[in-house]
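So the structure is just underneath, and the comments pick up after that.
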Amino acid sequence: MFGWLGKLLRVNLTDRRISEENIPPEVLRQFMGGKGLGTYYLYREVPRLADPLGPKNRFYLVTGPAQGTRIPIAGRCTAVSKSPLTGLYIDSGAGGYLGPELKRAGFDMLVIEGKSEQPVWLDISSDDTLIRDAKHLWGKTTHETELALRKEDKKRGVLAIGPAGERLVRFACLTHNYFRTFGRGGLGAVLGGKGLKAIAVRGHLESISTPDPDQEKALSKLLINRSRAAREKGHNLHLHGTPWLVWRSNNNGMFPTRNFQTTHFEHHLKLSPDYLEGVFAQNRRRQPCERCPISCSWVITKTFPWAPQEVTGAVAVPEYETLGLLGGNLGIADTEAVIQANHLCNILGLDTISTGNVIGLLMELAQRGELPENYQKESVRFSNSQGVIQLISKIALREGLGDALAEGTMRFASRIGPQAAALAIHVKGLEFPAWDPRGKLGLGLSYATAAAGASHLRGWPITGEPPKISASSVLPSLVEQQDLKILKDSLIICHFTHSINPVLENKDCANIYNIVTGESSTEESVRRIAARTWLLARLFNIREYDEAPRYYDKLPTRFMEEPVPSGPAKGLTAFVSRQDFEECLTELFQLRGCDKNGYPTETAIKDLGLEKLYLEFGS
Ligand code: SF4
């Protein structure tokens, strides 16, 4: 077998059973790896109505066929589970080197099930797997935990939860390599619910075999050259990292501002690369994932008074999503405060996107005078950066008002009432990324139909148009891009390969897949793998639904009914009309093999080879 190892490691924390299992080759061919493979096992193994925080939920840490080979831009890993935030499907990815390390330890995938009564950590190496006592780590930050575990072996790949995950904050994240997070959907709380503080992986395999090393070498060279070409042409991602998107998003009227009340932040330049690079010119360095020629991430190597316990010698430059949600969305133009807020979220183990949304909702309610009395004393107003920093710690520790916010935007809003629910910015319970759909034609459909909820990584239609016309014309491109995202998350290749020159498309994914595995796929056949995965994630959710699936594929009221009041997207809603949204949704369902209510059709289930699985585990 090439590319894959055909093996998974299963750890049951209830009875401490550790076993290795073969992954059937036909399953690998049907689902490729990463997101696809994790979705397959999640659908089979996590029963309907399982408590996401309980022992019946499972956590899948999955690699793809590209991990551990010499292919660049593949230092990533995917995690799949049932989300404590949405009660539905979630997958989330992170860079660093954990994925390749798991592969070097001899596994395509790690499955965690059950629940330990005492805090434990998992020590995985090529020779052995041990469940070890973590009492001394419980209560520590993610950075302290990683440092402690890497003291024994600094090359270990460590995945850790922080105090937020321990307290089951519904949007707690997982941190790896200090600055990389599996951010979305509360995966940190899934591990917290299992009493698992950390996973450490150390592999000793040299590299994963591919059928033709010369071809593998040639492909690696090609990808590196395409990446160099983009940097030489001055691609902003290569030069500045994701903060450059502040310019793009603000110019296109998509930058979240004050709980998405508008989409153009008057102080956005304070959050832009010019400013960040000017202030920290002498104190920054790149922090790439394994074998990545793009190297988009940066850290600041300066000691700040608010990071006295800093253990890594650096703090992260916030990524674009964080600048949007903890910056513009909270009306904050104080750059250092956003860096501090980001750092706090990282070490306490909170998703910055959800954190920025739930605090944004609180601030808007305070602005409107609609906050219940019991929350008023601890509330904060837009632009109050120090108040936000205090609130982040309270959320992670579930103290006072922080306890209510730790439940996430959807639940916090429903505690308050319909006036709050109308201002809550989420899909299916997952808070919005920093891209307002009122600035881009058809983007709202990507958010509305994603199994995970509102994520920016589920496919964008290729268009420069704002939503001034029907979104119908961009639907084929949306489907193509949805497939591309799934393939990248299944292979696994970084999404930022859209920034190399020329960009990486579905046909390139087929080519990479063939070179690492020896398969002879076509663009069409790999897109069938993507379509299969898309439909299976939807089927997982349908088992959990009380209503027809269409009911859940919707956008927040604000994006449908409130035209943007200022900036480049002034006057726009996410669709020209509600009717256009509904018609496009039906059309998208057809393109994805669903009926008008959003149920996958029997024909599509059969055609994609999901019939047996559906009959056995369907509903
Ligand atoms: S582009 Fe950035 S996130 Fe992607 S693999 Fe490279 S360093 Fe990691």
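The values are calculated or read from the model by the stated rules, or taken from the named source; none is laboratory data. Because the structure is predicted, anything quoted here is derived from the model rather than measured. Every residue, glycine among them, receives a Cβ derived from its backbone with ideal geometry; neighbour counts consider all protein chains shown. SASA here: full protein model, heavy atoms, side chains in, ligands and nucleic acids out. Shrake-Rupley method; radii C 1.70, N 1.55, O 1.52, S 1.80 Å.
Going by a ≥ b ≥ c, the root eigenvalues of the Cα gyration tensor, does segment 7-202 fall in the rounded group (a/c under 1.5), the prolate group (a/b larger than b/c) or the oblate group? Write down the numbers at each step before the final one.
Numbers: a/c = 1.38, a/b = 1.10, b/c = 1.26.
Rounded.
Going down the table (135/394; 155/488; 394/488; 115/394; 115/140; 468/507), which pairs top 29 Å between alpha carbons? Could the numbers behind the result be given before it?
Values: 135/394 23 Å; 155/488 26 Å; 394/488 36 Å; 115/394 26 Å; 115/140 20 Å; 468/507 31 Å.
Those over the limit are 394/488; 468/507.
Scaled to the compact-protein estimate 2.2 N^0.38 Å, what is the alpha-carbon radius of gyration of segment 449-617, rounded to two decimal places? All intermediate terms of the calculation are to be shown ahead of the outcome.
Details: Rg = 17.4 Å, N = 169, 2.2 N^0.38 = 15.5 Å.
Output field value: 1.12.
How large is the dipole of segment 7-202 about the Cα centre if only Lys and Arg carry +1 and Asp and Glu carry -1, each at its Cβ, rounded to the nearest 20 debye? Don't skip to the end; give the middle numbers.
Values: 31 positive and 20 negative charges, 74 e Å.
Value, rounded to 20: 360 debye.
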Item to check | Gain on full stretching of the segment that runs from residue 596 to residue 303 - 0.36 nm per residue minus C-alpha separation | outcome: 99.8 nm
Checklist entry - On the accessible surface of the chain, probed at 1.4 Å, how many percent belong to carbon and sulfur atoms? => result 48 percent
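Rounded to the nearest 5, what is the percent of antiparallel bridges among the DSSP beta bridges in segment 7-202?
Values: 33 of 44 bridges.
The antiparallel proportion sits near 75 percent.
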Next on the checklist: P(r) for segment 141-241, please, calculated from all Cα pair distances in 10 Å bins and given in %.
Outcome noted: 14, 27, 23, 28, 7
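Please give the FRET efficiency for residue 44 paired with residue 22, using the beta carbon to beta carbon distance and R0 = 22 Å, rounded to the nearest 0.05.
Once rounded, the FRET efficiency stands at 0.90.
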Next on the checklist: Quick check on the chain: helices-only [θ] at 222 nm, where DSSP H runs of length 4 and up contribute -39,500 (n - 2.57) each and the sum goes over total residues. Nearest 500, please.
Outcome noted: -11500 deg cm²/dmol
Checklist outcome for this item: Length gained if residue 570 through residue 277 is fully extended, taking 0.36 nm per residue and subtracting the Cα-Cα distance, is 102.4 nm
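Which of the DSSP-defined H helices in the chain satisfy a minimum axial length of 18 Å, computed from C-alpha atoms, and a minimum mean Kyte-Doolittle hydropathy of -0.5?
Working: long enough: 213-232 (28 Å, -1.04); 335-348 (20 Å, 0.64); 352-368 (24 Å, 0.61); 385-397 (19 Å, 1.09); 475-491 (24 Å, -0.05); 523-544 (33 Å, -0.28); 578-591 (20 Å, -0.48).
Passing helices, by number: 335-348, 352-368, 385-397, 475-491, 523-544, 578-591.
Going by the alpha-carbon gyration tensor, a ≥ b ≥ c the square roots of its eigenvalues, is the chain rounded (a/c under 1.5) or, if a/c is not under 1.5, prolate (a/b greater than b/c) versus oblate? Numbers along the way, then the final one.
Numbers: a/c = 1.27, a/b = 1.12, b/c = 1.13.
Rounded, because the longest to shortest axis ratio a/c is under 1.5.
Could you work out the longest stretch of the chain that avoids the GluC sites (Glu not before Pro) located in DSSP loops with at most 13 other Cβ atoms within 10 Å?
On the way: sites that count: 117, 206, 370, 547.
That gives 371-546 as the longest site-free run.
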Checklist outcome for this item: Label model pair residue 153, residue 547: point-to-point distance (7 angstrom along the Cα→beta-carbon line) in nm is 5.0 nm
Checklist entry - Mind checking which lysines have their C-alpha under 24 Å from residue 606, skipping anything on the same chain fewer than 8 residues away? => result 35, 485, 596
Item to check | Global form of segment 290-448, assessed from the alpha-carbon gyration tensor, a/c cut-off 1.5 | outcome: oblate
Checklist entry - How much accessible surface does residue 576 have with a 1.4 Å probe, in Å² rounded to 10? => result 70 Å²
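Find the accessible area per residue for segment 404-496; the probe is 1.4 Å, ligands and nucleic acids are left out, and the unit is Å². Could the numbers behind the result be given before it?
On the way: 2230 Å² over 93 residues.
Per-residue accessible area for segment 404-496 comes out at 24 Å².
Ranked highest first by the average count of other Cβ atoms within 10 Å around their residues, in what order do 300-307, 258-265 fall?
Values: 300-307: 14.4, 258-265: 23.2.
With the highest mean Cβ count within 10 Å placed first, the list reads 258-265, 300-307.
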